[in-house]
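Visitor: This is the structure I have questions about; it appears just below.
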Amino acid sequence: MTQEGGELDGLVRKRIRALRVAQGWSLEELATRAHLSQSSLSRIENGRRRLALDQLVTLARALDTTLDQLVETAADDVVTSPMIDGARGQMRWPVKGDPGMSVVRQRVTEPPPENPARMRAHPGREWLVVLSGTAILMLGQRRFRVETNQAAEFPTMMPHAIGAEGGPCEILGIFDRDARRGHQREGGDGDAQGTRA
């Protein structure tokens with residue numbers, strides 16, 4: 001086996017054990033779920049039994065993951081630098097695991113719009129966390145106050161807008177592919193412009 005193959009082998013074994021421990025399962029519990037003997041599972045985790053594809057498929061299912069996730073190799077490009085849009089006061093990072101998603105950090109200074117016609121709706125889902133200050137999230141006819149370290153998640157088909165309360169606030173938003181496209185059509189990635197989400 002090559003060194004790279006040996007490293008992957010060890011990584012997969014560590015993942016199996018880590019996923020089992022994270023679920024709070026004993027060797028016996030996972031072995032039962034995966035239709036393996038407890039001793040076979042122990043030898044798989046400890047590297048004293050070769051990894052067979054059929055067993056990996058069964059273990060992945062039992063651990064509620066996929067074979068791809070169980071055997072994926074670690075990426076070398078773990079750290080990402082943001083793309084900076086000074087005109088909008090935004091930093092944006094693409095999510096590598098799902099190129100359609102992006103993360104946007106933005107300073108919001110204006111209160112939410114008084115006029116409901118300024119609220120936007122488009123396909124997708126959006127998640128945001130307030131890093132500092134207080135944000136006001138308008139969703140349809142409802143108004144939500146989102147404080148520092150609180151998060152909100154909502155379908156963007158609901159007319160929505162975001163503004164600041166009592167001074168500027170900083171938000172970190174995560175947009176799925178559809179929400180990101182909706183914002184791009186409105187004028188920019190994650191374009192809150194102080195009033196829209």
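The values are calculated or read from the model by the stated rules, or taken from the named source; none is laboratory data. These figures come from a predicted structure and were not determined experimentally. Glycine also receives a Cβ, built like all others from the backbone with ideal geometry; neighbour counts cover every protein chain displayed. Accessible surface is based on the protein model in full, side chains and every heavy atom, while ligands, DNA and RNA are left aside. Shrake-Rupley method; radii C 1.70, N 1.55, O 1.52, S 1.80 Å.
Visitor: Taking the condition of being farther than 24 Å from Gly6 by Cβ and open to solvent by less than 20 Å² (accessible area, probe 1.4 Å), how many residues in region 31-61 meet it? Spell out the reasoning first.
Guide: In the first step, residues of region 31-61 are kept if they are farther than 24 Å from Gly6 by Cβ; the result is 31-33, 35, 37-38, 61.
If we keep only those that are open to solvent by less than 20 Å² (accessible area, probe 1.4 Å) as well, we get 31.
Matching residues across region 31-61 total 1.
Visitor: In addition: Filter region 164-179 for residues that are in contact with a strand residue (DSSP E or B) (Cβ under 7 Å, 6 or more places away or on another chain) and surrounded by fewer than 22 Cβ atoms within 10 Å (Cβ to Cβ); which is farthest from Gln106 (Cα to Cα)?
Guide: Looking only at region 164-179, we keep the residues that are in contact with a strand residue (DSSP E or B) (Cβ under 7 Å, 6 or more places away or on another chain), and these are 164-165, 168-176, 179.
From what is left, the residues that are surrounded by fewer than 22 Cβ atoms within 10 Å (Cβ to Cβ) are 165, 168, 170, 172, 174, 176.
Working: Glu165: 15, Pro168: 10, Glu170: 6, Leu172: 6, Ile174: 11, Asp176: 17 Å.
Per the stated criteria, the residue is Asp176.
Visitor: List the residue pairs whose Cβ atoms are under 8 Å apart, where the first residue sits in region 106-130 and is free of Cβ contacts under 8 Å to residues at least 60 places away in the same chain and on the phi < 0 side of the Ramachandran plot, the second is in a strand (DSSP E or B) and open to solvent by 70 Å² or more (accessible area, probe 1.4 Å), and the two are 6 or more positions apart or on different chains.
Guide: Arg125/Glu153; Trp127/Glu153
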